[in-house]
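Read-outs throughout are calculated quantities, based only on the coordinates presented, and are distinct from any laboratory measurement. A quick note: this is a predicted structure, and the numbers were derived from the prediction, not measured. Don't worry about glycine lacking a Cβ; one is built from the backbone with ideal geometry, like all the others, and counts go over all protein chains shown.
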Amino acid sequence: MSKYVNSNISERIMHIKLDRTHKKNALTEDMYFELKNLIDKASQNKKVRVILISGGDDFTAGNDLRDFIENPPEDKSSPVFKFMIALTECPLPVISAVNGFAVGIGTTMLLHCDLVYASKNSLFMMPFINLGLVPEFASSLLLQKRTGYLKAAEMLMLGEKFDAKTALEYRLINQICEESELTNVALNSAKKLSAKPRELLITTKALIRRESETIKGRIELEADYFIEQLGNPETIEILTKLNKK
């Protein structure tokens with residue numbers, strides 16, 4: 001169990017909150033393990049109808065570099081990939097409330113959420129190429145479907161940050177909120193969903209996301225390239241330099 005991932009169940013909503021504020025909620029192996037377990041528990045709990053994920057001042061700065069270097073994902077049984085599959089295959093609606101930084105997997109995981117709300121001061125970034133890595137979480141497939149090829153190429157090849165207004169334009173989020181209203185807006189939608197029949201929520205989501213097997217296949221393909229790239233000397237040099245900063 002990770003002390004940096006909190007959860008509670010209220011009004012048929014499981015609220016998962018990342019709580020590693022001193023590191024901008026940078027994700028560790030233990031945190032991925034806990035996130036995966038919580039998603040599985042929510043999916044199996046008949047009293048839960050919706051999952052809400054938030055992160056406080058920052059959603060997540062992505063992978064914790066030190067932990068990532070010390071515990072690199074060696075195969076598809078690694079906690080990070082298990083988390084990806086758990087979120088992708090989660091039958092319940094998943095809502096994310098994004099504030100501050102949403103870097104790397106902090107952005108790509110939003111492609112697997114059903115409703116996404118972001119504050120005006122949110123910043124998004126998928127800097128994989130800058131780290132000597134390849135895209136993950138099926139972003140190479142889903143981004144171009146969501147935004148079109150040119151914008152997907154811009155985000156994944158340049159690896160630059162963009163704001164909430166751009167994220168809305170690129171159809172990565174549903175709505176921009178004031179920071180002070182973000183949690184309430186996301187929670188209000190969660191409550192609306194939680195009032196609906198659980199089985200109908202599950203069936204409706206399954207019908208909308210009929211491409212789940214294709215997505216899982218892309219996650220696994222990207223994982224193969226990602227793991228291979230971790231052994232590349234240039235990637236090792238980039239990550240080592242960043243870790244020393």
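Run the helix sum for the chain: -39,500 (n - 2.57) per DSSP H stretch of 4+ residues, divided by residue count, reported at 222 nm to the nearest 500 deg cm²/dmol.
One gets -13000 deg cm²/dmol as the mean residue ellipticity at 222 nm.
Comparing Lys120, Lys23, Lys216, which has the greatest mean-square fluctuation in the GNM of the chain with Cα pairs linked when under 10 Å apart?
Lys23
Straight-line reach from Lys241: which lysines fall under 23 Å, measuring Cα to Cα and dropping same-chain residues less than 8 apart?
Excluding near neighbours in sequence, the set is Lys23, Lys24, Lys161.
Using 7 Å Cα-to-Cβ label points, what is the Asn6/Ile202 separation (nm, one decimal)?
3.0
Between Ile53 and residues 5 or more places away or on another chain, which pairs have amide H atoms under 5 Å apart, with H built 1.01 Å from N, and which residues are they?
Ile16, Ile95, Ser96, Ala97
Roughly how many debye, to the nearest 20, is the charge dipole of region 111-245 about its Cα centre, given +1 on each Lys and Arg Cβ, -1 on each Asp and Glu Cβ, and no other charges?
Here the size comes out at about 520 debye.
Select from Phe83, Phe226, Phe162 the residue whose mean-square fluctuation is largest in a Gaussian network model of the chain (Cα-Cα springs shorter than 10 Å).
So, out of Phe83, Phe226, Phe162, the one fluctuating most is Phe162.
Return the percentage of antiparallel bridges among DSSP beta bridges fully within the chain, rounded to the nearest 5 %.
For the chain, the DSSP antiparallel bridge percentage is about 30.
How high is the FRET efficiency between Ser43 and Leu221 when r is their beta carbon distance and R₀ equals 25 Å, given to the nearest 0.05?
0.50
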